[in-house]
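The values are calculated or read from the model by the stated rules, or taken from the named source; none is laboratory data. Predicted model only: the values in this text are computed from it and were never measured. Neighbour counts run over all protein chains shown; Cβ positions are idealised from the backbone, glycine included. The area values use the complete protein model at the heavy-atom level, side chains included, leaving out ligands, DNA and RNA. Shrake-Rupley method; radii C 1.70, N 1.55, O 1.52, S 1.80 Å.
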Amino acid sequence: QVQLVESGGGLVQPGGSLRLSCVAFGSILNIDIMGWYRQAPGKQRELAAVISGSGSANYADSVKGRFTISRDNAKNTVYLQMGALIPEDTAVYYCNARMSGRHYWGQGTQVTVSS
């Protein structure tokens, strides 16, 4: 059993920053890919950023240059540093981890960008 627990969401003004964290608990073996997805109201869940075990990262075009994903393999933790936030970034952010070909999801954390 693997659980992902996110933290760090909240309300922030446009132009502000937030840092999300996600820790994997349980029967952890080798976590391959870790990432962040987001789902805005009325929209489908979409990829924000993913990172491999070696640190290779990919970003959605909408967040490139503003978000940075990183991970600490020793702590089974992935981070998402978000900057220059805009109202369109408002969404529930979900952590994802791929291990032994199976995907695991966190419960989500709300990020609201509003003045």
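Working note: Karplus 6.51/-1.76/1.60 with θ = phi - 60° gives segment 37-44 the couplings 10, 9, 9, 8, x, x, 10, 6 Hz, where Gly and Pro are set to x.
So how do Phe25, Phe67 rank on accessible area, 1.4 Å probe, biggest first, that is with the largest at the start? Don't jump to the answer; show the numbers that get you there.
Details: Phe25 100, Phe67 5 Å².
So, going from the largest accessible area down, we get Phe25, Phe67.
Between Ile86 and Ser7, what is the FRET efficiency for a Förster distance of 22 Å, r being their Cβ-Cβ separation, to the nearest 0.05? Let's see the in-between values first.
Details: r = 22 Å, r/R0 = 1.01.
Here the calculated transfer efficiency is 0.50.
At full extension, Asn73 and Arg19 could sit 17.7 nm farther apart than now, given 0.36 nm per residue minus the alpha carbon distance.
Give me the one-decimal nm value for the distance between modelled label points at Ser114 and Leu29, 7 Å along each residue's Cα-to-Cβ direction. Between Ser114 and Leu29, the simple spin-label model gives 4.4 nm. If you run the Gaussian network model on the chain, springs between alpha carbon atoms under 10 Å, then out of Gly55, Gly16, Gly42 the most flexible one is Gly42.
Shown in residue order for segment 97-102 are the 3J(HN,Hα) couplings computed by the Karplus curve 6.51 cos²θ - 1.76 cosθ + 1.60 at θ = phi - 60°: 9, 10, 9, 6, x, 10 Hz (x for Gly and Pro).
The phi torsions of segment 3-14, fed into the Karplus equation with coefficients 6.51, -1.76 and 1.60 and a -60° offset, translate into couplings of 10, 10, 10, 9, 7, x, x, x, 9, 9, 7, x Hz, rounded to whole numbers, with Gly and Pro shown as x.
For Tyr94, the shell of other residues with beta-carbons less than 12 Å away shows a net charge of 0, using +1 for Lys and Arg and -1 for Asp and Glu. Structural size metrics of the chain, computed from C-alpha coordinates, are Rg and Dmax of 13.4, 43 Å.
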